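Each value in this text was obtained by applying a stated rule to the coordinates, not by laboratory testing. Computed from a predicted model, the values in this text were never measured in an experiment. Cβ placement follows ideal geometry from the backbone for every residue including glycine, while neighbour counts extend to all protein chains displayed.
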Amino acid sequence: MSLRLSLRLFNLFFAGILFLTGCSSFSGLEPAGLSPSQVEDLRLSRGDYSLSGRILFKHPEGKHSGELALQISSDSELKLSIFTPLVGSLIYELRASSKKFLILNYQHKNFILTENKQEVRQKWFGMDLTLTELKWLILGKLPDKTPNWQRKILPTGELQLRQSTTEIRIRFNDSGQIESMRKSLKGLLEYHAEIPLYQKHYNLPFPRKISIEDYSGNNKWLMVFSEIQTPAEALKPLDFIAPPEMQPLLSD
């Protein structure tokens, strides 16, 4: 398998993501109690989060799985690291901000550094999945305000978000958490995401499983989280500098 394909398959999550086996419960350092404002911060998707678990991603040429460590900051910067099962060697790492992302392939000592835009996401993820949309899924909650999106409740009970030619439809469960999310571009399905299982952290529900499938059904990912932490200190801003021993991967 070529390096480019290997990288593309990984990123086919950016979620790079999907499927997992094995079950364990959420854990973390739970304070004796949270103030109402702290609980509200968590409920409104503010704050920094560190998650761990496993991922499996399926693509036309097979499946790949591994351990994952994921952190997402209050500034919506995301760092996803994938490790080999059992051995624990770092295989891939994705660092993304609203403007750019960096993909590191530690096996082949190559990297990709480029802008975070629709064409790039579709090329390397297999679908247009933005950081904002990914954060909604990881937290299982939509903020009270979604600037630049027109909101409408449909007869089906789904929430419709519209922005130019982009439409997102979200179905919530009985507790008000995201159950499914579908994104369409110019009327054509881009991806479908589901959250079939939740567990609690700080007595608030967070997704246990997240699956994402592209419009063709050829690329599918599943993340299963075994642990979520709310770091005591703010996460440091990401850097987008590849290790000196790595070489840039040129795309055709």
Subject >> Inter-probe distance in nm under a simple model that places probes 7 Å from Cα toward Cβ, at residue 232 and residue 107 >> reply: 3.8
Original post:
What is the list of residues in segment 90-110 whose amide nitrogen lies under 12 Å from a point 7 angstrom out from the Cα of residue 247, following Cα to Cβ?
Top reply: 108-110
Original post:
Karplus couplings for segment 67-72 from phi (6.51 cos²θ - 1.76 cosθ + 1.60, θ = phi - 60°), rounded to Hz, Gly and Pro as x?
Top reply: 7, 10, 10, 9, 10, 9
Original post:
So for 241, 178, fewest C-beta neighbours within 10 Å to most, what's the order?
Top reply: 241, 178
Original post:
Dimensions of segment 186-230 along principal axes (Cα, Å, largest first)?
Top reply: 39, 19, 18
**OP:** Mind ranking 207-213, 194-200 by how tightly packed they are, going by the mean number of other C-beta atoms within 10 angstrom, highest first?
**Re:** 207-213, 194-200
**OP:** Pop a pseudo-label 7 angstrom from the Cα along the beta-carbon direction at both residue 162 and residue 175 and give the gap in nm to one decimal.
**Re:** 3.3
Subject >> Sequence-distant residues sharing a close amide H with residue 201 (under 5 Å, placed H) >> reply: 206
**OP:** For residue 240 paired with residue 144, estimate the spin-label separation in nm (one decimal), with each label point 7 Å from Cα along the Cα-to-Cβ line.
**Re:** 3.3
